[in-house]
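Enquirer: Below is a structure I'd like to ask you about.
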Amino acid sequence: MVETSIQNICCIGAGYVGGPTMSVIAYNCPEILVNVVDINKHRIQAWNSSDLSKLPIYEPGLDQIIKKCRGKNLFFSSKVEESIANADIVFISVNTPTKQKGVGAGYASDLKWVESSAREIAKFSKNHTIVVEKSTLPVKTAETIKNILYSATNVIDESGNKDEAEKKTYSIISNPEFLAEGSAINDLQNPDRVLIGGEDQNAIKRISKIYEKWVDAKKIITTNLWSSELSKLVANAFLAQRISSINSISALCESTGADIKEVAKSIGTDTRIGIKFLDAGPGFGGSCFKKDILNLVYLSKYYGLNEVSDYWEQVVKINIWQQKRISKLIIKNLFGTLAGKRIAIFGFSFKANTNDTRESPSISISKDLLQEGAKLAFFDPQVEEGKILDEFLDNINKDDIEIASSAIEASKGADAVLILTEWKDFENLEWESIFFNMRKPAWIFDTRVILNKANLINIGFNVWSLGS
Ligand code: NAD
Ligand code: UGA
């Protein structure tokens, strides 16, 4: 088949990946029409909001790209049928959370949204369509997608007409996304690599040509389908493993008098180890690390590789342990009880520069503190009040939770401030005023190691800083 350029893209899923990824494609390829569709009408409405501060996702730089492309070659809508029918390529960028029930519950990915996307593509596509897995998926999902697409197209319709169906063909390609939230636009504009896996070399070339508009061709890696699908899971597993490794050592630092920042620097300057991703903290959060490792654990078990499966599961176990250990430590330092004590929680997003709270360590640690009778006052510069309250709907007395509009308001009368997200703003707060505001002894628990401990001690705080 002759290689022709792509003119029309549809992306199913306008979430944290679909939205920014398609915006960056539209920005770099003004000649391509990009339609992002979603079944969530509220989300689509927010993507189309004229007030750019109301976009559903907070990502530095995203608003400017939306301003430039939306309504020109970038459209957000619920027009699933029309957008698929007109597309040369359909990206599947839907959610793939861990299964909650049935076979593989707690480990395997729930692929029901991927399946429904494949069925929509089978129904509405015309002629030849390249179907791209953008979501993170278990190895061999491309086979399932292929099955759905081709079984559906072989069905004869009610009037016995098979002609239309027979014209449909598909190439299934894996093109996983490696962006990190909070730096998504920069990651998409300057990726370390773009991975494209598949069998149809023509389809791979056509996708590659899109990225080559702004990415150096040398950074585009092409592989077979299964290497591409597996590499995405493995990349996340390795990244998460580094965090669990450094977090396990943070505990050892606290016991021995070593300092985690010094240790991280000392090992990270070895170029074989590298300095990135060695920040000890309250454990990794976010929607993907835990789910993707559990997926890898499940996959390894499925293939009878129990030792491999146990090895990776330990990364998740250390993560849970780190969060529990922080909760216990706070209770111990506050004289063994939190009953009636006010704790100001600084940061609710799972990392800085995002409003995403999925799997945030703030959620699990806050729940532990509430269990002990604490009253919590939250302050986060980007997370909306409703999103915080939603996390505690079923398990607490409403009076135990307050959402503050500033750090100073949250700390009023508090016994402790607990830093859980590394927002830059927290480093430069007026700590003297905060100290003055609090009940004494006034504690700071810095789980992100972002504050100047000596300064705080000078002001009069009792300070616990992770890993020292
Ligand atoms: P998300 O929940 O933010 O967005 C997914 C969207 O898909 C939702 O808005 C949902 O309504 C929509 N959707 C589901 N089924 C649909 C259907 N049949 N038709 C139309 N819309 C449908 O999820 P996300 O964070 O964007 O993640 C998407 C995928 O990308 C996941 O597999 C994830 O593992 C992977 N990923 C995420 C990140 C990240 O930083 N969040 C990074 C890399 C990869
Ligand atoms: C991560 C990966 O970095 C992306 O490459 C991948 O595409 C994405 O998952 C995905 O598949 O969803 P993300 O979860 O958005 O991106 O953010 P990270 O920067 O990786 O942070 C994850 C968690 O680890 C956060 O809670 C963060 O605070 C924590 N972290 C990160 C640390 O505790 N220490 C570090 O040194 C780095």
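Enquirer: Using the alpha carbon gyration tensor of the range 278-429, what are the three equivalent-ellipsoid semi-axes (square root of 5 times each eigenvalue), largest first, in whole Å?
Expert: 30, 17, 14
Enquirer: Here's a follow-up. Which log10 I(q)/I(0) values, to two decimals, does the range 159-275 give at q = 0.14 Å⁻¹ under the Debye formula with one point per Cα?
Expert: -0.79
Enquirer: Between rounded, prolate and oblate, where does the range 373-417 land on the alpha carbon gyration tensor, with a ≥ b ≥ c its root eigenvalues, rounded for a/c under 1.5, else prolate if a/b exceeds b/c?
Expert: oblate
Enquirer: Also: Hey, got a sec? Which trypsin sites (Lys or Arg not before Pro) in the range 228-289 land in a DSSP loop and have at most 13 other Cβ atoms within 10 Å?
Expert: Answer in residue order: ARG272, LYS276.
Enquirer: Now a separate question. Using only alpha-carbon positions, what ratio does the radius of gyration of the range 26-157 give when scaled by 2.2 N^0.38 Å?
Expert: 1.18
Enquirer: Could you tell me the relative contact order of the chain? Use alpha-carbon pairs under 8 Å, at least six residues apart, and round to a whole percent.
Expert: Rounded, it is 12 percent for the chain.
Enquirer: Can I ask one more? Obtain the radius of gyration and the Kirkwood radius of the range 198-247 from its C-alpha atoms and give Rg over Rh.
Expert: In the range 198-247, Rg relative to Rh is 1.14.
Enquirer: Follow-up. Work out, in µm²/s and without decimals, the Stokes-Einstein translational diffusion coefficient of the range 1-95 at 25 °C, 0.890 mPa s, Rh from Kirkwood over C-alpha pairs.
Expert: Reported coefficient: 186 µm²/s.
Enquirer: Between SER433 and ASN8, what is 0.36 nm times their sequence separation minus the Cα-Cα distance? Round to one decimal in nm.
Expert: Roughly 147.4 nm would be gained on extension.
Enquirer: Let me know the Rg and Dmax you get for the range 58-126 when you use only its Cα atoms, in Å.
Expert: Just the Cα atoms of the range 58-126 yield Rg and Dmax of 16.1, 46 Å.
Enquirer: Let me know the whole percent of all Cα-Cα pairs from the range 163-223 that are separated by more than 13 Å.
Expert: Roughly 64 percent, rounded to a whole number.
Enquirer: I need the phi-derived Karplus couplings for the range 205-222: 6.51 cos²θ - 1.76 cosθ + 1.60, θ = phi - 60°, integer Hz, Gly and Pro marked x.
Expert: 4, 5, 6, 4, 4, 4, 5, 5, 4, 9, 10, 4, 4, 5, 8, 9, 9, 10
Enquirer: Which of SER248, VAL463, SER360 sits farthest toward the positive end of the charge dipole of the chain, with +1 on the Cβ of Lys and Arg and -1 on the Cβ of Asp and Glu?
Expert: After comparing all options, I get SER248.
Enquirer: Compute the angle between helix 225-256 and the longest alpha-carbon principal axis of the chain, please, reported from 0 to 90 degrees and rounded to the nearest 10.
Expert: Tilt relative to the chain: about 0 degrees.
Enquirer: Turning to a different aspect of this structure: How big is the range 230-294 by the Kirkwood estimate over distinct Cα pairs, in Å?
Expert: 12.6 Å
Enquirer: Kindly express, to the nearest 10 degrees and within the range 0 to 90, the angle between helix 141-153's C-alpha long axis and the longest C-alpha principal axis of the chain.
Expert: 40 degrees
Enquirer: Specify whether the C-alpha gyration tensor of the range 400-442 places it in the rounded, prolate or oblate class, a ≥ b ≥ c being the square roots of the eigenvalues: rounded for a/c under 1.5, otherwise prolate if a/b is larger than b/c and oblate if not.
Expert: Oblate shape, in that a/c is at least 1.5 and b/c is the bigger or equal ratio.
Enquirer: Based on Cα positions only, what radius of gyration and what Dmax would you give for the chain, in angstroms?
Expert: When restricted to Cα atoms, the chain yields Rg and Dmax of 24.3, 83 Å.
Enquirer: Related question: Taking the highest mean first, how do the peptides 286-296, 378-388 order by number of other beta carbon atoms within 10 angstrom per residue?
Expert: Result, highest mean first: 286-296, 378-388.
Enquirer: While we're on this one: Enter the angle in degrees (range 0 to 90, nearest 10) between the Cα long axis of helix 18-28 and the first principal axis of the Cα atoms of the chain, meaning the one along which they spread out most.
Expert: Relative to the chain, helix 18-28 is tipped by roughly 70 degrees.
Enquirer: Just how far, in whole angstrom, is the range 1-77 from the range 323-386 if you go by their alpha carbon centroids?
Expert: Cα centroid of the range 323-386 versus Cα centroid of the range 1-77: 34 Å apart.
Enquirer: Binned at 10 Å from 0, what are the whole-percent values of the Cα-Cα distance distribution for the range 220-366, short to long?
Expert: Result returned by the calculation: 10, 32, 35, 18, 5, 1.
Enquirer: What list of ³J(HN,Hα) couplings, whole Hz, do you get for the range 428-438 from phi and the Karplus terms 6.51, -1.76, 1.60, once you set θ to phi - 60° and write x for glycine and proline?
Expert: 10, 6, 7, 5, 4, 5, 5, 4, 4, 5, 8
Enquirer: For the range 426-468, what does the equivalent ellipsoid look like in terms of its semi-axes, each the square root of 5 times an eigenvalue of the Cα gyration tensor, given largest first in whole Å?
Expert: Taking √(5λ) for each Cα gyration eigenvalue gives 16, 12, 9 Å.
Enquirer: Suppose we keep just the alpha-carbon trace of the range 320-383; what are its Rg and Dmax in angstrom?
Expert: 11.9, 34
Enquirer: Right, next: I'd like the Karplus ³J(HN,Hα) series for the range 366-373: coefficients 6.51, -1.76, 1.60, θ = phi - 60°, whole numbers in Hz, and an x wherever there's a Gly or Pro.
Expert: 4, 5, 4, 5, 5, 4, 8, x
All of the numbers you see were taken from the coordinates with simple rules; none came from a lab. What you are looking at is a predicted structure, and each value in this text was computed from that prediction instead of being measured. We place every Cβ from the backbone using ideal geometry, glycine too, and count neighbours over all the protein chains shown.
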